[in-house]
Amino acid sequence: MDQLDEDYFMQGSAPAGAAAHPLLPPIGPRPRPNGETYHPRQIGSFEDLALLRAIREQGQHVLLGGPPGCGKTAAVEAAFRSHDGPGLLTLVGSADTTTADLLGSYLPNPDPATVTTSPYVWVHGPLTLAVMCGLPLLLDEVTMIDPRVLIPLYEVMDGRGELRIPGTNLPAIPVARGFMVCATHNPDVPGAVLSEALRDRFTHHWQVESDWQLARDLGVPTEIVKVAQNLDRARQRSELSWSPQLRSLLDFRDMANLYGKEYAAGTLVAKAPAHDRDQILEAIQQLYPTVTVTQFGGRYGA
């Protein structure tokens, strides 16, 4: 009995001297759909893109949390989006997202030849297509969606192996190999909810932060990157609800090159939520003392 118990609890354990994990060859920088280049980041001892693809091979799912603009969506797009085919399906969540947006719905038949006998036809939603075709599904801002809308995810994420579409006579759809769910969320958004039942179905939970060195390498002035890092530490201490992330810093770089650093800094402050704006303005004024929030003044030239 002792031996049986030991065998049971050692199931799946690596033998002594075995490698702790498989080697995952890095993928390297990848283009995003908007033409920008995504530069891979470290997650554990792996490259994030290589690990995302390995997780897909295992039929597992990933939840990415972090502030807006830190690169959550960019990582998933870079790992799976293809320029020559639908490598990734995406649904951007909001309070108005419905189950029909996820699964699909009956719509008026556009075919004149069959409209008399079939006035409505079923049109698949992104979850249904991802399950059928074995594609990754990206749920962007998943915690903005009513948790009841997301219940159809349960059966395709917990090993039951099929998707049923309630309210229709459609047969259950087998989950094709290659299907996975990647979901992003901002944990600092007030009122954002992810049910424990769904949270537990994500095998991998990643906390995503901006790559500050990459910002410097991409030409963002070092001094503004340092300010952003300090503001981000304040956000992590709950002293702020928002701090500029990589996307905002790249916008700053581009605007500074076109219109000057002071204008770029003013727009960066204006982007902040009203209750954080004074503190962020104070931090940026240490670099650029005359900066103010970009706003309309009197008549130009008067």
- the range 139-209 and the range 102-119: distance between their alpha carbon centers, rounded to Å: 28 Å
- If you compute Kirkwood radius over Cα pairs in Å for the structure shown, which of [x] 22.4; [y] 20.0; [z] 21.0 do you land on? [x]
- Query: Within a Cβ distance under 14 Å of residue 97, other residues only, what is the Lys/Arg minus Asp/Glu net charge?
  - Reply: -4
- Top mean-square fluctuation among 217, 251, 146, Gaussian network model of the chain, C-alpha springs under 10 Å? 217
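Under the rule a/c < 1.5 gives rounded, and otherwise a/b versus b/c splits prolate from oblate, where does the range 111-155 land using the Cα gyration tensor? Don't skip to the end; give the middle numbers.
Working: a/c = 3.05, a/b = 2.13, b/c = 1.43.
Prolate, because a/c is 1.5 or more and a/b exceeds b/c.
Would you work out if the range 68-205 is rounded, prolate or oblate? Take a ≥ b ≥ c from the square roots of the eigenvalues of the alpha-carbon gyration tensor; rounded if a/c is under 1.5, else prolate when a/b is larger than b/c, oblate otherwise.
Values: a/c = 1.70, a/b = 1.58, b/c = 1.08.
It is prolate, given that a/c is not under 1.5 and a/b is the larger ratio.
Quick one: grab the alpha carbon gyration tensor of the range 212-285, order the square roots of its eigenvalues as a ≥ b ≥ c, and give me rounded if a/c is under 1.5, else prolate or oblate depending on whether a/b is larger than b/c. Kindly include the intermediate steps, with their values, before the conclusion.
Working: a/c = 2.15, a/b = 1.33, b/c = 1.62.
Since a/c reaches 1.5 but b/c is at least a/b, the shape of the range 212-285 is classed as oblate.
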- Note on the structure: Within the under-15-Å Cβ sphere about residue 53, not counting residue 53, Lys/Arg +1 and Asp/Glu -1 give a net charge of +1
- Note on the structure: GNM of the chain, Cα pairs under 10 angstrom: of 172, 95, 113, the biggest fluctuation goes to 113
- Listed residues 50, 265, 234; largest mean-square fluctuation, Gaussian network over the chain with Cα springs below 10 Å, found at 234
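Computed from the coordinates by the stated procedures, all read-outs in this text should not be read as laboratory data. This one's a predicted model, so the numbers in the text were calculated from it and none came from an experiment. Note that we place each Cβ from the backbone using ideal geometry, even for glycine, and neighbour counts take in every protein chain shown.
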